[in-house]
Each structure stands twice: as structure tokens, then as C-alpha cells.
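These notes concern the structure reproduced below.
The values are calculated or read from the model by the stated rules, or taken from the named source; none is laboratory data. For clarity, every value in this text was computed on a predicted model and none was experimentally measured. For neighbour counting, all protein chains shown are included, and Cβ atoms are generated from backbone atoms with ideal geometry for every residue, glycine included.
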Amino acid sequence: MSAPHRLWECTLMTLIDAPTDTVASVHSRTAWTRVWNVARLHLVDRRTYIGIPWLIVGIAFVITVFIAQIIGFTTGGLGTADAIEGQRYSWAVLSPQWYLIVVGVQAISFGFPLALGFGVTRRDFYLGTALMFVLIAAVNAIAFTVLTQLEQVTNGWWLDSYMFNALWFGLNGWPVDLLSFFVVQLLVFFVGAFIATIYMRWRMLGMVIFWSALALTIVGTVMLITFTSSWPAVGTWISAQGIAGIFAWLFVPAFLAAGGGFLALRRATPKN
Amino acid sequence: MNLTDTNTAVRVDGLTKKFGSFTAIDDVSFTIERNKIYGLLGRNGAGKTTLMQLLTGQQFATRGTLEVFGASPVENARVLQQICFIKESQKYPDSFRIEHVLASAPWFFANWDADFAQRLAVDFRLPLTRAIKKLSRGQLSAVGVIVGLASRAPLTYFDEPYLGLDAVARQIFYDRLLEDYVEHPRTVVLSTHLIDEVSNLLEHVLVIDDGRILMDQDAEALRGSASNVVGKKTDVDFFVAGRDIISRDGLGGLASVTVAGLSEAERAGARAAGLELSPVSLQQLIVARTTSTSAG
């Protein structure tokens, strides 16, 4: 069926590769194609990054609507400003993130050995994986931002039930929502991938050192702030940042995790 | 790239790999020529998988040089695109089905033949929509075999590809490998324990033991390189005296001795002395060679 195509490919191969390679060689793919193919490899099973997360969102939505209606029935109405404000405490909007951090881990723990078996370099694997993370984060950010806006326009899906206008989402306009969804999604993927990469590179010892260092850093920071009586200053600083500012700061850990993961993976070896 | 290199797929010189204080590969040197089928034979833990991981850039060498198609394979996209490595312990994403593997493999292997992969899936009776994690050991091996064959990579490594495969499936693997190799010549390296099963397939044999290359020989030459001499103990002892004895076995007054390199005249002499001569299989020869070294 693909005979003419093959013939063309062979002719091309001979033209390009004739001076260097002899029999049974394959023509080299460009760097961009190789990186893109890794992104496609992650997405060949669409359930992992698209199907299951959106199934979780769907289930969370149905549950949110039910709970809102129950509360509405017992308190005598959902339409009031208080009731809308009360629904902001729900974490349902972030429900797929708990699954997606595991997906970030598996992108490395399963994806890396598979990609190496397929003759992919560590560099191409990491760049393709990062590209896929950025793409999915962008798509999810747009989708959640649109849903947040729709929810406002429809007054909670005509049921006064709010899932997407919760926590810090839907307060400062859609550009801030777009930014905050995007950075949260990136952070979730890259932190998951970073942890898996530490394990891939240094195994159990790496895990012990990583988690101990993280715990020490957190406890140390809290101690430093407490001993210098700086909590009021920290509070002032945080409120000065605003929602957009806080989320912009999250690019720092996301970038550190992404860069650190790249450096760690360059010398990592798959487990037997 | 000079002319001598065009015939060489792999060149290894003084290659060493240590894991802490354990030396998995110990100062190994050999070359792999293009378009031949190599057998990488050796006992469990001899270093076969580690060697293949070094040759495919999955592990980093401690010392020595390693060239695949004229360059180091480590992080070298030009080289790695020509390689397919089917590892016995290959991991797949948790949710993957067989169809996902077959759908994505063509993106990485330029010579991939999808029709061939489909035919092999039928041969091995693989249910394409079944999740990888629900496959039996044999079915999992069959997935690897299909990828390894249909990829038609210029350099293909099979690391114990037959685990869990029944005798019929193994025969299908050997038959398809040979058929496809004849039509599309390429370099194949096969690591295996089942030496006799693949004996006729192999053109060259590398035997690795304790991280060292014990034998690096043409398979045809190796097959004719030893004989079994059986007869009365006294006659046998007289005949083999001063020869290169590979192994010795005996029961009562009878003895069976494996010796290396008998000429046609010597064979005639042995038969005249009332001794029986029988050929030694590749497997027997390698078992004898690898046990004698570990004993001594």
C-alpha cells in the first residue's frame, strides 16, 4: 500500500545518506521532529492526559452541583452573595491536580525507560516531555478560564452552583485566571517529573536526601521567620503581591523544577 | 568516516563498567561487523545486559572507548536512531495497550513496517487492545519481539527476548528473524541462554563470563572446533593425552572427553582405536568453557 511512498523515501535516503552510510541505514530526523515525536509518545494514549483528568472534572462537577443543591435546600437559597461566597471554599476545581501530579511522576518513571528503548536521547526525551507539559498546561488553562467565565455568565449553570469560581479563581478577571491556571498546571507537572527524575538518577538515596532537604528547608524558613519576628512583614509582602503576583512567583519553583529535572536526567539510567 | 569503518557497526576497546566496587564489565574489546547475526552468550549475571546498555547509551562507561557507527552512542541522536534495543525487562506506561506501542514505534524507527508488525501480532496471537500490564510474560516478550523485528533498525539488540515464550512462539521468532534478515540485512545481536535453539541462526559468537569476553569466534568455526571422544577409559586417556581437554566425564570403565581441534587424520585414528566420536553442540562447548573457567 505504501510502496510508492517507500520508493520515494528510499530515493531520498540515497540522496541524503549515500556519502556516509551504506546498507540498511535510516535517514536522520530533525531535532524538532524528534522532540515532537516524544510529545506524541506521551499522548498516544489519550486517556492519561486528557480523558481521565476531564472525567475527574466531570465527576467533581456533578458532586459539586449536588452538594450545592443540598446546602441550598437546607439554608433556603443559593442565590445570595453569601451563598456564592461560601462556595468559594470548595477545592473541587483543583480535583484533577492530585491525579496529574502522579501523571507527572509517571511521565518520567514509565516514559523515560520506554523512550530510551525507542532510541531517544535523554535530551530529546526531556525537551519533548517539557513541550508536552507546556502544551497541556496551556490547553487546560484556556479551558478552565473559559469555564470560569461561562459559570459567571450563566449564574452558576442556571443552578447557582459554582465550581470554577472558587478559591482565587474568577476574582480578578480572566487574564489572571489564565495565568494562575497555567502556572499551577506547569508546577504540578514539573514537580512530579522532578521527583521522579531524582529517583531515576539517584534512586532511594536521592529520595531520602531530597525529602530531608525539603523538610529542613521548610522548617528552617519557618524558624528564621519566627525567630526574627518577621511574620507581619511576610504577611504584608504577600498581600502586596496580589493574586497575579503570587502566581507569577510560582513560575520560579516551576522553572527550578524544570531546569533541575533536565540536569538530573542528563546522566540518569533506567532501572532494570 | 574511512573505508574500514563502513563495515564495522560497533567497535569496543578496553571498555569497563563498575558499579561501586563491583566490576560488571572488565576491560572488554571486540568489534561487531555490519549485517551479521551475533550471539551474546553467557551465564546469569555475566554482564550481557550491562554490555547491551552500554552499547545503546543507556549506561555510562567507567573507562574505555565505545563506537557505534563511528561515534559514541551516548546522547548521540544520529547513532541512536539506528538502534533498537529490546530489553527483557522493558517497562511500558501503566495504561498502555499493545496498540499504543505499535502506534508509536513508527515515530522512532524510520524503517518500521506496519504490515509486518500486524502479521507478527497475528502469528503470536496478541490481542492488540489488551493492557500491557495484563499480559502474560510470554505475551510481553512477544510485544518486544514484534517491535524488534518490525523496526528493521540497522542495529537491533534482543536481550533474552524469549522469556515465557512457548516452543512454538520461539520457533516463530527464529523463523521470522531469519526470513526478514535475509530480505533486509542488518546487524542483530541476540543475548540468550537457549544456545542450541539459536545455534543455526548465529554467524558469530561472543561469550561473556564474569564481565570478560571469553570467546569471540565465527560460529561455523566454533561448531567444528571440538569433538566428544567416548570409549574405554584407558583407550580414551591414551588418545587424549597431551591434547586440549575441554571437559571430562566418566562412568565406571567408560570415559567421555571433549577435546578441541581434531584433524581428519586424527579422527580416523580415533575410530581405528575403537573410540566413538560425536560432534559437540555449541551449547555443550560453551557450558564446558564457562564452567571450567569459573572452577579455575
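The condition (being of a type outside the set (A, V, I, L, M) and within 22 Å of A:LYS271 (Cα to Cα)) is satisfied by just one residue among B:THR6, B:THR16: B:THR16. Taking the conditions (1) in a helix (DSSP H, G or I); (2) among the small types (Gly, Ala, Ser); (3) modelled with pLDDT of 95 or more in turn, A:SER229 satisfies each one other than (1).
Which ones in region B:48-94 are of a type in the set (Lys, Arg) and at the interface with chain A (Cβ under 7 Å from one of its Cβ atoms)?
First, the residues of region B:48-94 that are of a type in the set (Lys, Arg): B:48, B:63, B:78, B:87, B:91.
Selection gives B:ARG78, B:LYS87, B:LYS91.
In the set B:LEU190, B:LEU222, only one residue is modelled with pLDDT under 90 and surrounded by 15 or more Cβ atoms within 10 Å (Cβ to Cβ); that residue is B:LEU222. Considering only region A:129-149, I want to know if a residue exists there that is under 23 Å from A:LEU55 (Cα atoms) and more than 20 Å from the chain's Cα centre (by Cα). Yes, region A:129-149 contains a residue that is under 23 Å from A:LEU55 (Cα atoms) and more than 20 Å from the chain's Cα centre (by Cα).
Among the criteria (1) closer than 26 Å to B:ASP113 by Cα; (2) small (Gly, Ala, Ser); (3) away from every other protein chain (no Cβ under 14 Å), the one A:GLY86 does not fulfil is (1).
Among the residues of region A:30-52, which ones are surrounded by fewer than 16 Cβ atoms within 10 Å (Cβ to Cβ), more than 9 Å from chain B (Cβ to nearest Cβ) and in a helix (DSSP H, G or I)? Those that are surrounded by fewer than 16 Cβ atoms within 10 Å (Cβ to Cβ), more than 9 Å from chain B (Cβ to nearest Cβ) and in a helix (DSSP H, G or I): A:TRP32, A:LEU43, A:ARG46, A:ILE50, A:GLY51. The residues of region B:270-296 that are modelled with pLDDT of 80 or more, part of a helix (DSSP H, G or I) and loosely packed, with under 13 Cβ neighbours inside 10 Å, listed by number, are B:ARG271, B:ALA272.
Listed by first and then second residue, the pairs with beta-carbon distance under 9 Å, at least 6 apart or on different chains, first residue in region A:109-128 and at positive phi, second assigned to a helix (DSSP H, G or I), are A:GLY119/B:ALA77; A:GLY119/B:VAL79; A:GLY119/B:LEU80.
If I filter region A:58-83 down to residues being in a loop (DSSP other than H, G, I, E, B) and surrounded by 12 or more Cβ atoms within 10 Å (Cβ to Cβ), which single residue comes out as modelled with the lowest pLDDT?
A:LEU78
Taking the listed residues B:ILE172, B:ILE146, the one that is in a helix (DSSP H, G or I) and within 20 Å of B:PHE109 (Cα to Cα) is B:ILE146, with no other qualifying.
Restricting attention to region B:95-141, the residues being outside any helix (DSSP H, G or I), more than 19 Å from A:ALA39 (Cβ to Cβ) and at the interface with chain A (Cβ under 8 Å from one of its Cβ atoms) number 2.
Does B:ASP235 count as under 30 Å from B:THR49 (Cβ atoms) and either at pLDDT 90 or above or crowded, with 20+ Cβ neighbours inside 10 Å (or both)? Spelling it out, it is not the case that B:ASP235 is under 30 Å from B:THR49 (Cβ atoms) and either at pLDDT 90 or above or crowded, with 20+ Cβ neighbours inside 10 Å (or both).
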